[in-house]
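Some notes on the structure that comes next.
The values are calculated or read from the model by the stated rules, or taken from the named source; none is laboratory data. Predicted model only: the values in this text are computed from it and were never measured. Glycine gets a Cβ as well: all are built from the backbone with ideal geometry, and neighbour counts include every protein chain shown.
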C-alpha cells in the first residue's frame, strides 16, 4: 500500500531541511572566527617536534596556511621569514601550515629554503577549526591573548599585514 | 569481490598519483581558457538546480584537502590538473563519457591568475575531444567566490 500523500510531502520536506542543514554546516566561514579565541590544536612539525598553538600564548602568532603549488604563498614566504628573523625576539611567531596533499613534496620544498619558523602539515579538520580554509594563501593573526584579530585571504597585502603586526608588537 | 578490488586499485593508484604530484604536468595558465568557455558561479548554481534542463557533471580538479573541507554539491574529485597524476585521474573519470557531455571544471585553490590546475584540466579535456566543457570562474578562491556568496556546498570525500 502506498503511503498517503501528506506523509510523502512531510518526508520530502524533512529530507530537504536535512540537506540544507548539512550544506549550512560548512557555510559558517573564517570571518566568524574573528575576535574569538583561536582554537588550540596539536600537530607535529616537519622535523617531528610536537607543536601546540597554545604554547605560543603570550606571543603574537601569524598562522599562515600555504602550499607549494600556490604562487602567492611562495611570494610571501621570504617576507614572513624576514619578519621571523627580525621580530621573533620582539614577540612574533610565524607558523606555517601546509595544505599540500603530499608531505614529501613539502619537505623537499622547505629543504631548499631557509625557513626560520616551524611548518606542519594541515588537513581538512584543521582548516575547519578555523572556519574553513577553502583557498590559499590565508593567514590568521593571533594576539598575545590568543584572539584572532585579523585574517588575510588571497593575494597578500604585506603592508597591511605588517601594520597589523606593528600594532601588536614593537617592530619599528 | 571485483568491486572491492577495483576500489583498492583506485585508492592505491590515487596514492601513487599524489605521491608523484611533485612531478607536475605542463603549466597551462587559466587565461588560456576562451572567454566563451568560462562559466560564472551564478550560472552554475542555476544549472545545478533540480529543475534545470541539463545538469552538468561537475569535477573539482584541485587539491584533495580543499575538496574534503567543502565542495560543490554533486561535484566529484578528479585530481589536480597541474599534476600528471591528477590528469590521469581526470582522463579515467571521463573515459566512458560521450564527447558531448556537459562538464564543468573548477578548482578555486587560489586566485584565478595563479591557479595551477584549471587551465591544464580544461586543455586536457579539449585535447580528448570533449566539446561541451566549461571552467567555473573563481576569481579569488572557492571560499570567497562560492561559499561566502551563499551557494550550496557539502563536505567530505
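Here are a few things to note about the model shown:
- Meets criteria (touching a helix residue (DSSP H, G or I) at 6+ places or on another chain (Cβ under 8 Å), assigned to a loop (DSSP other than H, G, I, E, B) and facing chain A (nearest Cβ under 9 Å)) for residue B:79: no
- Checklist (1) modelled with pLDDT under 95; (2) crowded, with 18+ Cβ neighbours inside 10 Å; (3) under 21 Å from residue B:146 (Cβ atoms) applied to residue B:58, failing item: (1)
Listed here are the residues, each with its yes/no results for (1) over 12 Å from the mean Cα position of the chain (by Cα); (2) in contact (Cβ under 8 Å) with a residue 60 or more places away in the chain; (3) part of a helix (DSSP H, G or I).
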{"residue": "B:46", "(1), (2), (3)": "yes, no, yes"}
{"residue": "B:65", "(1), (2), (3)": "yes, no, yes"}
{"residue": "B:100", "(1), (2), (3)": "yes, no, no"}
{"residue": "B:108", "(1), (2), (3)": "no, no, no"}
{"residue": "B:120", "(1), (2), (3)": "no, yes, yes"}
{"residue": "B:135", "(1), (2), (3)": "no, yes, no"}
{"residue": "B:144", "(1), (2), (3)": "yes, no, yes"}
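- Checked against the criterion of being closer than 17 Å to residue A:162 by Cβ, buried (at least 22 other Cβ atoms within 10 Å of the Cβ) and within 14 Å of chain B (Cβ to nearest Cβ), the stretch A:94-106 contains not a single residue that satisfies it.
- Subset tally (residues that are within 18 Å of residue A:153 (Cβ to Cβ) and surrounded by fewer than 16 Cβ atoms within 10 Å (Cβ to Cβ)) for the stretch B:119-157: 3
- Within the stretch A:20-50, considering residues that are under 15 Å from the mean Cα position of the chain (by Cα) and facing chain B (nearest Cβ under 9 Å), the one modelled with the highest pLDDT: A:31
- Scanning the stretch A:39-71 for residues that are in a strand (DSSP E or B) and either loosely packed, with under 14 Cβ neighbours inside 10 Å or free of Cβ contacts under 8 Å to residues at least 12 places away in the same chain (or both) returns A:42, A:44, A:50, A:52.
- Residue check for residue B:130: under 19 Å from residue B:36 (Cα atoms) and part of a helix (DSSP H, G or I): no
- Filtered by the rule that a residue be buried (at least 19 other Cβ atoms within 10 Å of the Cβ) and in contact with a helix residue (DSSP H, G or I) (Cβ under 8 Å, 6 or more places away or on another chain), the stretch A:72-93 gives A:76, A:83, A:87, A:92, A:93.
- Residue A:158 falls short of the stated requirement of being surrounded by fewer than 21 Cβ atoms within 10 Å (Cβ to Cβ), modelled with pLDDT under 95 and touching a strand residue (DSSP E or B) at 6+ places or on another chain (Cβ under 9 Å).
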